[in-house]
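Following: one structure in C-alpha cells, then a few remarks.
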Amino acid sequence: MELPPSLLDRWIEQKNHANPPIEFDLASSTGPVWTLRELLALSPENELEQLLDTRISYTSAAGTIALRTAIAELEGVEADDVQVVTGASEALLILFFLAAEPGANVLLPNPAFPANSALAESLGIEVRYYNLRAENQFRVDPEEIRRLADSNTRLLLVNSPHNPTGSVMSGEEMESLHDFCFERGIQFVSDEVYHPIYHGPAMRSAARLPHATVIGDFSKALCLSGLRIGWIVDRNRTRRERYHNARNYFTITANVFGEGLAALALQHSHKIYARARDVATRNLALLDRLFAEHAGYLHCLRPGGGMTAFPWLADGTDTREFCKRLAKRGVLIVPGDCFGQPSHFRLGFAASGDRFSQAIERFAEFLHAESRQRLPASAG
C-alpha cells in the first residue's frame with residue numbers, strides 16, 4: 001500500500017515556516033477560528049469547572065450520548081443513527097475501507113478533496129470520476145453518474161457545498177441521485193461539512209433522505225477544526241454496526257475533552273453558524289469586487305456555499321508559480337495542481353476573518369504588478 005504525496009497539506013503547512021513569513025492565510029478552507037475562551041463564554045454555566053472535573057478516560061466508540069443527541073437534533077434524526085468519528089477524514093476512511101471488496105469501484109467528484117481518491121486507490125478500489133466543469137457552473141451531471149455506475153459500484157460520494165468550487169446541489173438533484181443509488185444497491189454518501197453555509201438559496205441536509213449516509217464535522221461550517229470531531233448519520237443499522245466495529249480498530253474513541261466541547265458548541269450552534277455566515281458573506285463581497293476589477297486576468301464562478309472559491313487564470317496557464325510569487329508577498333493560496341486542475345487555484349475567504357480585507361488589498365497590489373508585467377511592449 002502506497003499513498004501519494006499530500007500536495008495540499010504540504011503546501012498549506014508552509015504558513016508556519018515560510019521565509020518571508022505568510023501574513024495572510026487564504027489557503028485554509030475553514031471558517032473564522034474560535035479560542036477556547038470564546039467557546040466557553042457562549043454558555044452562562046460554569047463550563048470551565050465542569051471541564052476541569054472531566055474524567056480523563058475512554059469514551060464510547062459510538063460517541064458520548066450527549067454528543068450524539070446534540071448531533072441528532074442538528075440533523076433531525078435519532079441519536080442511535082449517529083456514529084461519532086475523528087473528523088470527516090475518519091468517516092471517509094471507514095467508508096472506503098468497508099467498500100474495498102474485490103473488483104469494487106466508487107464514484108467520486110473531480111475536482112475534490114484529494115484524500116478521497118488517495119484513500120480509495122490505496123485500498124485497491126477503482127475510482128471513477130464524474131467531472132464538475134467550469135463551463136457547466138461546476139454542477140453535477142446526473143446522467144454522467146448514471147453512465148459510470150455498474151454492478152460493482154459500492155458508493156457514490158457527493159459533496160455540497162463543494163470543496164474547492166463552492167458549487168451547491170439542488171434538492172431535486174440530491175433526491176434523484178439518492179433514489180437512483182437505492183434502486184441500484186449503491187450507498188449514497190453526502191459530504192456536508194460546509195452545510196449550512198450558503199450564499200444563495202439554502203438547501204436541506206440529505207439526512208432527511210431515508211437511505212442516505214451523511215458526513216459532517218466540526219472543522220468547516222462549525223469552525224472548530226482543533227476538536228477533530230466528525231460524525232456519520234445513517235439510518236441503516238447494519239451499516240452503523242460496521243462503522244462502530246471499524247472504529248474499534250482505527251481510533252477506538254475520540255478525545256474526551258473534544259467530545260465535551262463539541263457537545264457544548266452544538267448547544268450554541270446558531271451563534272457559531274451566524275458568525276461564520278457573517279464573515280463569509282462580508283468577505284465574499286470583497287472577493288466579488290476583486291474579480292470584477294481583474295476580469296481580464298482572472299475568472300471565477302461565484303460559490304453558492306461553503307468558504308472556498310476555485311478561480312482560474314484567464315490564459316489557462318499553470319498557477320503554481322503564480323501562487324509561489326504571491327506567497328513571497330505574504331499571501332497564501334493553493335495551486336490547482338493540488339486538486340488535479342493546474343490552471344485553477346483555491347482561495348479560502350473565511351479563515352482569515354476580519355483580516356481578509358487587508359489580504360485582498362495585498363492580493364490586488366500583486367495582481368496589478370502581474371498585469372503590468374504581462375502587457376506587451378509598446379511599438380517603437
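The values are calculated or read from the model by the stated rules, or taken from the named source; none is laboratory data. All values reported here derive from a predicted model rather than from experimental measurement. Here the Cβ positions follow ideal geometry from the backbone for every residue, glycine too, while neighbour counts run over all protein chains shown. Each accessible area value is taken on the protein alone, full model and side chains, heavy atoms only, with ligands, DNA and RNA left out. Shrake-Rupley method; radii C 1.70, N 1.55, O 1.52, S 1.80 Å.
Considering (1) over 24 Å from residue 63 (Cα atoms); (2) open to solvent by less than 40 Å² (accessible area, probe 1.4 Å); (3) touching a Gly at 6+ places or on another chain (Cβ under 9 Å), the lone condition that residue 155 does not fulfil carries the number (3). The helices (runs of 4 or more DSSP H) falling completely within segment 83-190 that include 2 or more residues that are of a type in the set (Phe, Trp, Tyr) map to 87-99, 171-184. Could you check, for segment 28-42, whether at least one of its residues is aromatic (Phe, Trp, Tyr) and touching a strand residue (DSSP E or B) at 6+ places or on another chain (Cβ under 7 Å)? There is no residue in segment 28-42 that is aromatic (Phe, Trp, Tyr) and touching a strand residue (DSSP E or B) at 6+ places or on another chain (Cβ under 7 Å). Restricted to segment 276-290, and to residues there that are open to solvent by 20 Å² or more (accessible area, probe 1.4 Å) and out of contact with any helix residue (DSSP H, G or I) (no Cβ under 6 Å at 6 or more places or on another chain), the residue that is nearest to residue 196 (Cα to Cα) is 277. Checking each residue in segment 243-298 for being polar (S, T, N, Q) and either at pLDDT below 95 or under 30 Å from residue 62 (Cα atoms) (or both) picks out 245, 248, 251, 253, 255, 267, 269. Restricted to segment 294-326, and to residues there that are more than 21 Å from the chain's Cα centre (by Cα) and aromatic (Phe, Trp, Tyr), the residue that is nearest to residue 167 (Cα to Cα) is 297.
Of everything in segment 340-366, what is closer than 19 Å to residue 11 by Cα and open to solvent by 10 Å² or more (accessible area, probe 1.4 Å)? Give them in sequence order. Selection gives 340, 341, 342, 343, 344, 351, 352. Quick check on residue 6: is it open to solvent by less than 80 Å² (accessible area, probe 1.4 Å) and more than 29 Å from residue 115 (Cβ to Cβ)? The answer is no for residue 6. Listed by first and then second residue, the pairs with beta-carbon distance under 8 Å, at least 6 apart or on different chains, first residue in segment 46-61 and under 17 Å from residue 252 (Cα atoms) and of a type in the set (Gly, Ala, Ser), second at pLDDT 85 or above and in a loop (DSSP other than H, G, I, E, B), are 60/253; 61/252; 61/253.
Per the listing 59, 30, the residue uniquely at pLDDT below 95, assigned to a loop (DSSP other than H, G, I, E, B) and surrounded by 16 or more Cβ atoms within 10 Å (Cβ to Cβ) is 59.
A count restricted to segment 206-235 and to residues that are out of contact with any Gly (no Cβ under 7 Å at 6 or more places or on another chain) and open to solvent by 60 Å² or more (accessible area, probe 1.4 Å) stands at 4.
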